[in-house]
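Below: the structure, in C-alpha coordinates.
The values are calculated or read from the model by the stated rules, or taken from the named source; none is laboratory data. The structure displayed is predicted, hence computed values, not measured ones. Backbone-built Cβ (ideal geometry, glycine too); neighbour counts: all protein chains shown.
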Amino acid sequence: MVDTAFFKNNGPFTLEQIAKIIGAEFTDSCNPKDKIYDIATMEKAGSNEICFFYDRKAKEKAVNIKAKACVTNQDLQSWIPYGISVLVVDNPKLAFLKLNQAMYAEYVPENMVHESATIAKTAKVGQNCYIGANVVIEDDALIGDNCRLEANCYIGKGCKIGNNCRIGVGAYVTYTIMGNDCYIYAGAKLGADGFGFNTIGGKHIRIPQVGRLIIGNDVEVGANSCIDRGALDDTIIGDGCRIDNLVQIAHNDKMGRGCIIVSQTGIAGSCTFGDYVVCGGQTGFADHLTVGSGAQIGAQSGIMRDVEAQTVVMGTPAVPFKDFMRQVSFLQRNSKK
(Lines give C-alpha, C1' and ligand atoms only; values in the text may rest on other atoms or scores of the structure.)
Protein backbone atom coordinates (compact mmCIF):
# COMPACT_ATOMS: atom_id res chain seq x y z
CA MET A 1 0.00 0.00 0.00
CA VAL A 2 1.32 3.41 -0.98
CA ASP A 3 1.74 5.75 1.99
CA THR A 4 -0.76 8.62 1.65
CA ALA A 5 1.43 10.78 3.88
CA PHE A 6 3.64 11.16 0.82
CA PHE A 7 1.38 10.51 -2.19
CA LYS A 8 -2.25 11.27 -2.90
CA ASN A 9 -4.44 8.26 -3.75
CA ASN A 10 -7.01 9.16 -6.42
CA GLY A 11 -8.88 5.86 -6.02
CA PRO A 12 -10.84 3.80 -5.68
CA PHE A 13 -11.36 2.84 -9.33
CA THR A 14 -13.68 0.16 -10.63
CA LEU A 15 -12.23 -2.54 -12.87
CA GLU A 16 -14.26 -1.01 -15.68
CA GLN A 17 -12.51 2.33 -15.15
CA ILE A 18 -9.11 0.64 -14.91
CA ALA A 19 -9.70 -1.26 -18.15
CA LYS A 20 -10.33 2.04 -19.93
CA ILE A 21 -7.23 3.65 -18.40
CA ILE A 22 -4.86 0.86 -19.43
CA GLY A 23 -6.63 -0.37 -22.57
CA ALA A 24 -7.34 -3.86 -21.20
CA GLU A 25 -9.74 -6.61 -22.20
CA PHE A 26 -11.96 -8.23 -19.60
CA THR A 27 -11.94 -11.98 -19.07
CA ASP A 28 -14.82 -14.06 -17.78
CA SER A 29 -13.41 -13.80 -14.25
CA CYS A 30 -13.99 -10.03 -14.05
CA ASN A 31 -16.78 -8.11 -12.37
CA PRO A 32 -16.53 -4.62 -13.92
CA LYS A 33 -18.02 -3.01 -10.81
CA ASP A 34 -15.41 -4.39 -8.38
CA LYS A 35 -13.43 -1.59 -6.76
CA ILE A 36 -9.65 -1.36 -6.54
CA TYR A 37 -8.12 0.80 -3.82
CA ASP A 38 -4.38 0.33 -4.38
CA ILE A 39 -1.65 -1.13 -6.58
CA ALA A 40 0.70 -3.65 -4.96
CA THR A 41 3.27 -6.30 -5.86
CA MET A 42 2.22 -9.86 -6.64
CA GLU A 43 3.54 -11.00 -3.24
CA LYS A 44 1.77 -8.34 -1.17
CA ALA A 45 -1.42 -7.48 -3.04
CA GLY A 46 -4.56 -8.12 -1.00
CA SER A 47 -8.29 -8.43 -1.56
CA ASN A 48 -8.86 -4.78 -2.52
CA GLU A 49 -5.72 -4.35 -4.62
CA ILE A 50 -4.45 -4.98 -8.13
CA CYS A 51 -1.08 -6.34 -9.21
CA PHE A 52 0.83 -6.78 -12.47
CA PHE A 53 2.37 -9.97 -13.86
CA TYR A 54 4.68 -9.48 -16.84
CA ASP A 55 7.75 -11.66 -16.24
CA ARG A 56 7.63 -15.38 -16.99
CA LYS A 57 10.45 -15.86 -14.47
CA ALA A 58 7.99 -14.87 -11.74
CA LYS A 59 5.43 -17.58 -12.57
CA GLU A 60 6.02 -19.32 -9.21
CA LYS A 61 4.93 -16.12 -7.49
CA ALA A 62 1.93 -15.76 -9.78
CA VAL A 63 0.29 -18.95 -8.56
CA ASN A 64 0.14 -17.49 -5.03
CA ILE A 65 -1.50 -14.19 -5.96
CA LYS A 66 -4.13 -13.05 -3.43
CA ALA A 67 -5.07 -9.79 -5.17
CA LYS A 68 -8.57 -8.80 -6.26
CA ALA A 69 -7.29 -8.44 -9.83
CA CYS A 70 -4.17 -8.96 -11.92
CA VAL A 71 -3.06 -7.35 -15.18
CA THR A 72 -1.05 -9.59 -17.50
CA ASN A 73 -0.68 -10.54 -21.15
CA GLN A 74 -2.29 -13.34 -23.15
CA ASP A 75 0.65 -15.71 -22.79
CA LEU A 76 0.87 -15.50 -18.99
CA GLN A 77 -2.75 -15.42 -17.86
CA SER A 78 -2.97 -19.20 -17.42
CA TRP A 79 -0.63 -18.96 -14.40
CA ILE A 80 -3.02 -16.78 -12.42
CA PRO A 81 -5.13 -18.65 -9.83
CA TYR A 82 -8.86 -19.23 -10.25
CA GLY A 83 -10.97 -16.52 -8.63
CA ILE A 84 -8.64 -13.62 -9.49
CA SER A 85 -10.03 -11.07 -11.93
CA VAL A 86 -7.72 -11.00 -14.94
CA LEU A 87 -7.27 -8.00 -17.25
CA VAL A 88 -5.34 -8.74 -20.43
CA VAL A 89 -3.15 -6.20 -22.21
CA ASP A 90 -0.39 -6.39 -24.82
CA ASN A 91 2.17 -4.62 -22.61
CA PRO A 92 1.68 -4.99 -18.83
CA LYS A 93 4.65 -2.71 -18.06
CA LEU A 94 3.06 0.13 -20.01
CA ALA A 95 -0.27 -0.62 -18.36
CA PHE A 96 1.39 -0.35 -14.93
CA LEU A 97 2.78 3.06 -15.85
CA LYS A 98 -0.61 4.32 -16.99
CA LEU A 99 -2.47 3.10 -13.90
CA ASN A 100 0.24 4.32 -11.54
CA GLN A 101 -0.04 7.80 -13.03
CA ALA A 102 -3.82 7.73 -12.68
CA MET A 103 -3.94 6.23 -9.19
CA TYR A 104 -1.23 8.26 -7.43
CA ALA A 105 -0.01 11.82 -7.45
CA GLU A 106 2.42 13.92 -5.48
CA TYR A 107 1.01 16.62 -3.26
CA VAL A 108 1.46 19.85 -5.19
CA PRO A 109 1.88 23.10 -3.21
CA GLU A 110 -0.38 26.02 -3.99
CA ASN A 111 1.01 28.69 -6.27
CA MET A 112 2.66 31.33 -4.11
CA VAL A 113 5.85 33.24 -3.40
CA HIS A 114 7.14 32.50 0.10
CA GLU A 115 7.83 35.57 2.17
CA SER A 116 11.46 34.51 2.70
CA ALA A 117 12.23 34.24 -1.04
CA THR A 118 14.55 36.84 -2.56
CA ILE A 119 13.68 37.88 -6.12
CA ALA A 120 15.74 40.58 -7.81
CA LYS A 121 13.83 43.58 -9.19
CA THR A 122 14.96 42.82 -12.75
CA ALA A 123 14.04 39.13 -12.58
CA LYS A 124 10.77 37.97 -14.12
CA VAL A 125 8.59 35.16 -12.81
CA GLY A 126 5.80 33.74 -14.96
CA GLN A 127 2.23 32.93 -14.01
CA ASN A 128 1.08 30.14 -11.68
CA CYS A 129 4.47 29.53 -10.07
CA TYR A 130 5.45 28.23 -6.65
CA ILE A 131 8.51 29.94 -5.17
CA GLY A 132 9.51 28.20 -1.93
CA ALA A 133 11.23 29.30 1.25
CA ASN A 134 14.64 30.96 0.90
CA VAL A 135 14.71 30.69 -2.88
CA VAL A 136 17.04 33.23 -4.51
CA ILE A 137 16.44 34.52 -8.05
CA GLU A 138 19.12 36.91 -9.26
CA ASP A 139 19.02 39.88 -11.66
CA ASP A 140 17.64 39.38 -15.18
CA ALA A 141 16.68 35.75 -14.55
CA LEU A 142 13.55 34.62 -16.35
CA ILE A 143 11.25 31.95 -14.90
CA GLY A 144 8.51 30.58 -17.18
CA ASP A 145 4.88 29.79 -16.35
CA ASN A 146 3.77 26.94 -14.07
CA CYS A 147 7.20 26.44 -12.53
CA ARG A 148 7.97 25.04 -9.09
CA LEU A 149 11.10 26.30 -7.34
CA GLU A 150 11.53 24.46 -4.07
CA ALA A 151 13.14 25.62 -0.84
CA ASN A 152 16.71 26.96 -0.88
CA CYS A 153 17.25 26.66 -4.62
CA TYR A 154 19.31 29.31 -6.41
CA ILE A 155 18.79 30.75 -9.88
CA GLY A 156 21.75 32.84 -11.05
CA LYS A 157 21.89 36.09 -12.95
CA GLY A 158 20.54 35.94 -16.50
CA CYS A 159 19.38 32.31 -16.35
CA LYS A 160 16.31 31.34 -18.33
CA ILE A 161 14.00 28.59 -17.09
CA GLY A 162 11.22 27.45 -19.44
CA ASN A 163 7.60 26.62 -18.65
CA ASN A 164 6.48 23.75 -16.43
CA CYS A 165 9.89 23.22 -14.82
CA ARG A 166 10.61 21.95 -11.33
CA ILE A 167 13.82 22.94 -9.55
CA GLY A 168 14.36 20.76 -6.47
CA VAL A 169 15.37 21.63 -2.94
CA GLY A 170 18.83 23.16 -2.74
CA ALA A 171 19.52 22.97 -6.49
CA TYR A 172 21.93 25.51 -7.96
CA VAL A 173 21.41 26.87 -11.47
CA THR A 174 23.82 29.39 -13.03
CA TYR A 175 24.87 30.35 -16.58
CA THR A 176 22.04 28.13 -17.83
CA ILE A 177 19.37 28.32 -20.53
CA MET A 178 16.75 25.64 -19.88
CA GLY A 179 13.81 24.50 -22.00
CA ASN A 180 10.31 23.47 -20.97
CA ASP A 181 9.14 20.54 -18.83
CA CYS A 182 12.45 19.93 -17.07
CA TYR A 183 12.95 18.46 -13.60
CA ILE A 184 16.15 19.29 -11.74
CA TYR A 185 16.32 17.15 -8.61
CA ALA A 186 17.43 18.21 -5.14
CA GLY A 187 21.02 19.30 -4.78
CA ALA A 188 21.92 19.27 -8.47
CA LYS A 189 24.51 21.86 -9.54
CA LEU A 190 24.13 23.25 -13.05
CA GLY A 191 26.46 25.66 -14.79
CA ALA A 192 29.37 25.65 -12.35
CA ASP A 193 32.95 26.26 -13.50
CA GLY A 194 34.48 23.53 -15.61
CA PHE A 195 37.68 21.90 -14.37
CA GLY A 196 40.16 23.81 -16.51
CA PHE A 197 43.72 24.76 -15.53
CA ASN A 198 47.05 25.52 -17.16
CA THR A 199 50.20 24.78 -15.19
CA ILE A 200 52.55 27.76 -15.54
CA GLY A 201 55.74 28.10 -13.51
CA GLY A 202 54.68 25.29 -11.20
CA LYS A 203 51.31 26.90 -10.44
CA HIS A 204 47.86 25.77 -11.60
CA ILE A 205 46.23 28.79 -13.25
CA ARG A 206 42.48 28.60 -13.71
CA ILE A 207 41.19 29.00 -17.27
CA PRO A 208 38.13 31.29 -17.31
CA GLN A 209 34.96 29.36 -18.11
CA VAL A 210 32.89 31.74 -20.20
CA GLY A 211 30.51 29.36 -21.97
CA ARG A 212 26.95 28.44 -21.03
CA LEU A 213 24.94 25.34 -20.21
CA ILE A 214 22.08 24.74 -22.65
CA ILE A 215 19.43 22.23 -21.54
CA GLY A 216 16.69 21.15 -23.93
CA ASN A 217 13.05 20.27 -23.26
CA ASP A 218 11.86 17.38 -21.09
CA VAL A 219 15.22 16.79 -19.39
CA GLU A 220 15.69 15.30 -15.92
CA VAL A 221 18.87 15.78 -13.89
CA GLY A 222 19.19 13.60 -10.79
CA ALA A 223 19.99 14.55 -7.21
CA ASN A 224 23.51 15.86 -6.54
CA SER A 225 24.56 15.59 -10.17
CA CYS A 226 26.85 18.26 -11.62
CA ILE A 227 26.90 19.65 -15.16
CA ASP A 228 29.56 22.27 -15.90
CA ARG A 229 29.12 25.18 -18.25
CA GLY A 230 31.39 25.46 -21.27
CA ALA A 231 34.86 26.90 -21.23
CA LEU A 232 34.23 28.90 -24.40
CA ASP A 233 31.75 26.84 -26.38
CA ASP A 234 28.54 25.68 -24.66
CA THR A 235 27.77 22.48 -22.79
CA ILE A 236 24.60 21.04 -24.36
CA ILE A 237 22.09 18.50 -23.02
CA GLY A 238 19.59 17.45 -25.70
CA ASP A 239 15.83 17.03 -25.46
CA GLY A 240 14.53 14.10 -23.44
CA CYS A 241 17.78 13.17 -21.69
CA ARG A 242 17.62 11.33 -18.37
CA ILE A 243 20.56 11.88 -16.04
CA ASP A 244 20.66 9.87 -12.82
CA ASN A 245 21.93 10.89 -9.39
CA LEU A 246 25.64 11.59 -8.76
CA VAL A 247 26.66 12.08 -12.37
CA GLN A 248 29.46 14.44 -13.50
CA ILE A 249 29.26 16.01 -16.97
CA ALA A 250 32.20 18.27 -17.75
CA HIS A 251 32.61 21.49 -19.74
CA ASN A 252 31.85 21.53 -23.48
CA ASP A 253 30.22 18.08 -23.48
CA LYS A 254 27.39 17.72 -25.97
CA MET A 255 24.59 15.17 -25.69
CA GLY A 256 22.03 14.38 -28.33
CA ARG A 257 18.38 13.51 -27.72
CA GLY A 258 17.18 10.89 -25.28
CA CYS A 259 20.49 9.87 -23.70
CA ILE A 260 20.38 7.89 -20.45
CA ILE A 261 23.28 8.39 -18.04
CA VAL A 262 23.20 6.18 -14.94
CA SER A 263 24.57 7.15 -11.53
CA GLN A 264 28.26 7.71 -10.77
CA THR A 265 29.15 8.14 -14.42
CA GLY A 266 31.88 10.69 -15.09
CA ILE A 267 32.29 12.29 -18.51
CA ALA A 268 35.43 14.35 -19.14
CA GLY A 269 35.38 17.54 -21.18
CA SER A 270 34.55 18.04 -24.85
CA CYS A 271 32.88 14.66 -25.44
CA THR A 272 30.11 14.42 -28.03
CA PHE A 273 27.26 11.92 -27.69
CA GLY A 274 24.76 11.10 -30.42
CA ASP A 275 21.08 10.38 -29.77
CA TYR A 276 19.86 7.70 -27.34
CA VAL A 277 23.23 6.72 -25.94
CA VAL A 278 22.91 4.59 -22.78
CA CYS A 279 25.64 4.57 -20.11
CA GLY A 280 25.54 2.06 -17.25
CA GLY A 281 26.52 3.04 -13.72
CA GLN A 282 30.09 4.04 -12.86
CA THR A 283 31.22 4.44 -16.44
CA GLY A 284 34.12 6.80 -17.10
CA PHE A 285 35.01 8.71 -20.27
CA ALA A 286 38.30 10.26 -21.33
CA ASP A 287 38.06 13.72 -22.89
CA HIS A 288 37.38 14.65 -26.53
CA LEU A 289 35.60 11.39 -27.39
CA THR A 290 32.72 10.79 -29.80
CA VAL A 291 30.04 8.24 -28.93
CA GLY A 292 27.70 7.40 -31.79
CA SER A 293 23.90 7.33 -31.63
CA GLY A 294 22.39 4.25 -30.04
CA ALA A 295 25.63 3.07 -28.45
CA GLN A 296 25.36 1.23 -25.13
CA ILE A 297 28.10 1.33 -22.49
CA GLY A 298 28.17 -1.44 -19.86
CA ALA A 299 28.45 -0.59 -16.17
CA GLN A 300 31.92 0.21 -14.77
CA SER A 301 33.42 0.57 -18.23
CA GLY A 302 36.34 2.84 -19.05
CA ILE A 303 35.98 4.55 -22.42
CA MET A 304 39.32 5.66 -23.85
CA ARG A 305 38.53 5.88 -27.56
CA ASP A 306 35.55 6.70 -29.78
CA VAL A 307 32.53 4.37 -29.77
CA GLU A 308 30.71 3.69 -33.03
CA ALA A 309 26.96 4.08 -33.35
CA GLN A 310 24.71 1.15 -32.36
CA THR A 311 27.51 -0.80 -30.68
CA VAL A 312 27.60 -2.32 -27.19
CA VAL A 313 30.88 -2.08 -25.31
CA MET A 314 32.08 -3.03 -21.85
CA GLY A 315 35.23 -3.29 -19.76
CA THR A 316 38.32 -1.16 -19.12
CA PRO A 317 39.51 -0.30 -21.64
CA ALA A 318 36.13 -0.91 -23.23
CA VAL A 319 35.82 -3.48 -26.02
CA PRO A 320 32.81 -4.88 -27.91
CA PHE A 321 30.57 -6.82 -25.55
CA LYS A 322 31.23 -10.21 -27.15
CA ASP A 323 34.99 -9.68 -26.85
CA PHE A 324 34.56 -8.73 -23.20
CA MET A 325 32.65 -11.93 -22.47
CA ARG A 326 35.34 -13.98 -24.24
CA GLN A 327 37.96 -12.32 -22.03
CA VAL A 328 35.97 -13.15 -18.91
CA SER A 329 35.48 -16.73 -20.04
CA PHE A 330 39.20 -17.11 -20.80
CA LEU A 331 40.20 -15.80 -17.37
CA GLN A 332 37.69 -18.02 -15.59
CA ARG A 333 38.90 -21.13 -17.39
CA ASN A 334 42.59 -20.46 -16.89
CA SER A 335 42.35 -19.27 -13.29
CA LYS A 336 41.20 -22.77 -12.30
CA LYS A 337 44.31 -24.49 -13.71
- [ ] Could you grab me the full set of residues in region 230-246 that are in a loop (DSSP other than H, G, I, E, B) and either at pLDDT below 95 or crowded, with 24+ Cβ neighbours inside 10 Å (or both)?
- [x] 230, 231, 232, 233, 241
- [ ] Return yes or no: is residue 8 surrounded by fewer than 16 Cβ atoms within 10 Å (Cβ to Cβ) and over 30 Å from residue 108 (Cβ atoms)?
- [x] no
Open item on the list: Just checking, does region 53-61 include any residue being in the same structural domain as residue 95 (by TED's automatic domain parsing), touching a Phe, Trp or Tyr at 6+ places or on another chain (Cβ under 6 Å) and at pLDDT below 90?
Closed with: yes
Open item on the list: Test of understanding: among 309, 286, which residue is more than 28 Å from residue 188 (Cα to Cα), modelled with pLDDT of 95 or more, among the aliphatic types (A, V, I, L, M) and out of contact with any Lys or Arg (no Cβ under 6 Å at 6 or more places or on another chain)?
Closed with: 309
Open item on the list: For region 270-279, which positions are under 18 Å from residue 194 (Cα atoms) and out of contact with any strand residue (DSSP E or B) (no Cβ under 8 Å at 6 or more places or on another chain)?
Closed with: 270
TODO: Any chance you could count how many residues in region 249-287 are under 18 Å from residue 317 (Cβ atoms) and polar (S, T, N, Q)?
DONE: 3
Open item on the list: With the requirement that a residue be in contact with a Ser or Thr (Cβ under 8 Å, 6 or more places away or on another chain) and of a type outside the set (S, T, N, Q), what does region 274-284 give you?
Closed with: 274, 275, 276, 277, 279, 280, 281, 284
